[in-house]
1. Could you tell me which residue of region 332-346 is nearest to ligand 1 (Cβ to nearest atom), considering only residues that are touching a Ser or Thr at 6+ places or on another chain (Cβ under 9 Å) and open to solvent by 10 Å² or more (accessible area, probe 1.4 Å)?
2. In region 111-127, what residues are surrounded by fewer than 18 Cβ atoms within 10 Å (Cβ to Cβ) and not hydroxyl-bearing (S, T, Y)?
3. Among the candidates A64, A130, A156, which residue alone is open to solvent by less than 70 Å² (accessible area, probe 1.4 Å) and outside the structural domain of S319 (by TED's automatic domain parsing)?
4. Please state which one of L172, L217, L179, L208 is in a helix (DSSP H, G or I) and either among the aromatic types (F, W, Y) or touching a residue at least 40 places away in the same chain (Cβ under 8 Å) (or both).
5. Residue by residue through region 232-267, note down the ones that are open to solvent by 50 Å² or more (accessible area, probe 1.4 Å), within 16 Å of L179 (Cβ to Cβ) and of a type in the set (A, V, I, L, M).
6. Filter region 119-140 down to the residues that are farther than 15 Å from H453 by Cα, within 11 Å of ligand 2 (Cβ to nearest atom) and part of a helix (DSSP H, G or I) and list them by number.
7. For region 304-321, give me each residue that is modelled with pLDDT of 80 or more and either among the aliphatic types (A, V, I, L, M) or touching an Asp or Glu at 6+ places or on another chain (Cβ under 6 Å) (or both).
8. Would you be able to tell me the number of residues in region 432-456 that are open to solvent by less than 30 Å² (accessible area, probe 1.4 Å) and within 12 Å of ligand 1 (Cβ to nearest atom)?
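The values are calculated or read from the model by the stated rules, or taken from the named source; none is laboratory data. All figures in this text were calculated on a predicted structure; none of them were measured in a lab. Cβ coordinates were reconstructed from backbone atoms using ideal geometry, including for glycine residues, and neighbour counts include every protein chain displayed. Areas reflect the complete protein model, heavy atoms only, side chains present, ligands, DNA and RNA absent. Shrake-Rupley method; radii C 1.70, N 1.55, O 1.52, S 1.80 Å.
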Amino acid sequence: MKANTGWFEPTETDRRTRRANRRASRVASRRTAPAKPLSDDEHLPAEIVGLRRGLPLLVDNHRATTRILRIAYPFLAEGGLGANGTYIGNDVFSGGSFVYDPWELYQSRVITNPNLLLAGVIGSGKSSTAKALITRSIALGHRAYVPCDPKGEWTAVAESVGGSVIKLGPGLSTRLNPLDAGSRPSGVGDDDWDRIVRSRRRALLGTLAESTLGRPLSAVEHTALDLAVDRVSRIPVPTIPDVVEVLFSPGLGDGTSEADSRELAHAIRRLVHGDLAGMFDGPSTTRFDPSLPMVSLDSSWIGAGGNDQALRLTLACASSWLEAAVTDPAGGKRFIVYDEGWRVMRDPALLRRMQEQWKLSRAWGVSNILIVHRLSDLAAVGDLGSEARALAEGLLADCSTRIMLRQEPDQLARTATLLGLTDVEVSTIAKLPKGRALWRLPGRSFVVQLVRHAREARLFDTDGRM
Ligand SMILES: Nc1ncnc2c1ncn2[C@@H]1O[C@H](COP(=O)(O)OP(=O)(O)O)[C@@H](O)[C@H]1O
Ligand SMILES: [Mg+2]
C-alpha cells in the first residue's frame, strides 16, 4: 500500500471511498422525503436550549453564599453599569471599574429619576464622592450648581474647574436680588415669561413668609401676597424692600385690610432689617452665568454660627435666583448639590419647594444631589403623619440612586427598613472604610471604593480645616 505522504496528497483509496460515500448519500436523500436538518439544539439539555433561545431558564431557584458561588460559577462577575459615564472607582466585588451617569442610566431605564441621596457619618466621604462625580463629569460637558454650601468647602472645587463662587453673608458686599427675572429661555413668549417670573416670585415670597412665621399662610394672607406681587411686578427691577413697603401700605385691594398683611410684612421684613440685612434687599451686585461649568454659593458666613433658620432663608433665596437658569431645558445636564442638606430640611415650606423642583428635574435635565448624615434626618423633620415628614420621605422616594457610606450602628436598622436592605448589605455599611459606599439602584447594588487622584485628594480635603 502506497504510503500516505501527507495531508495534501490523499491516497487513491481515500479518494475512492469519499466519492462512493457522496454518491450513496445523494441516492439516500433522493429516496427519502426532504428531512428537516437537525438543529444543534436538539442534542442539548432543555435548560441550555432555553438559554440559547432567550427563553426563561427552567431550573429551580438556587441560593448560595458568595463563598460557594465563586467556586460553583468561577469567572463570573457583576457586569457593572456599562462604560458610559463618569469613572468613580472600583467595584469592590468584581474588581472592575465603576462608572456612573444619572442621565445615561435614566435613559437606559436602570433608574427612574436622576436624583441622588448620599448618607453617611461625618468624615465618611460623602462630599468627596459628590465632588469626584461632579468635577469628573464636567469633562463630559455637564455643569453643577451648589446653592447650599454651609462649610464653604466647594469654593476651591468650583475655582479649580473654572467656575465662579458667590460669597454671601452679613457684612459682605455681595447682594443677590431673589426677585430677579433671570435670563429668559429661548422660545418663551412675553406673556408666558411674565407669568413664569410672577409665579417664581410668588412662590419664593410664600416660602420665605411661611418659613419665618413657622406656619402655613392663611387664606387672606395668600390674597395679600398675590396682590403685593402683582403690584411690585410693575416696577422694572422689584426688590424685597418694595414688597415689604407694599404689604405695609394700607388698602391692597380685594377686601384685604392692613391688619391682614401685617404679620406677613413683618415676616418678610426679616430679610431687609433682620440678621439677613444687606444680602437680599437690593439689586444684585453679581450676575449668574449659567454657561460656567460650576457656580457655588458659599454660605459659610451664615452657616458657621449654626443659624439654620438663616441658612434656610438663604437657600430659598439663592435657589430661586438660580432657578431662572436651571429651568431652561436647553441648559444641558446639570447637577444641583445640597451639601449638608439635613440642615435645611427642617422646614416644611422649603421642603415643599424642593419637592416641586425635584419633580420637574427630569424635564429640565437636572440631577439633584442631597447629602445628609443619616436617613433619620428625614424622619426628624416632623412627626409621623405630618406634612413635613411625608415631604421628606417623598424626597427619598424621588432619589433613585442612594449612596450609603458608613452609618452609626444605631442607624442601621432604620436605614435597612427605609431602603429595604438585605442583611449582607446592612453588615457591609456598618463597617465601610472612608470613601467606600454601597451604591443602591433599583434592584441592583454595588460596593464601590472611590479612587482619587493625588490632586483631587488635596482639593477635596476637609480634614485640613480641622
Ligand atoms: N477614598 C478616600 N480615601 C481616603 N480619604 C478620603 C477618601 N474619601 C474622603 N477622604 C477624606 O476624608 C475626609 C472627609 O471626607 P468628606 O468627603 O469631607 O466627608 P463628609 O462629607 O462625609 O463629612 C476628607 O479630608 C477626605 O480627604
Ligand atoms: Mg461633607
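1. Here the answer is E340.
2. V121, I122, G123
3. Exactly one of A64, A130, A156 is open to solvent by less than 70 Å² (accessible area, probe 1.4 Å) and outside the structural domain of S319 (by TED's automatic domain parsing), namely A64.
4. Result: L208 is the single residue among L172, L217, L179, L208 that is in a helix (DSSP H, G or I) and either among the aromatic types (F, W, Y) or touching a residue at least 40 places away in the same chain (Cβ under 8 Å) (or both).
5. I235, V237, listed by residue number.
6. Scanning region 119-140 gives K126, S127.
7. A310, L311, R312, L313, L315, A316, A318
8. Adding up the residues that qualify gives 6.
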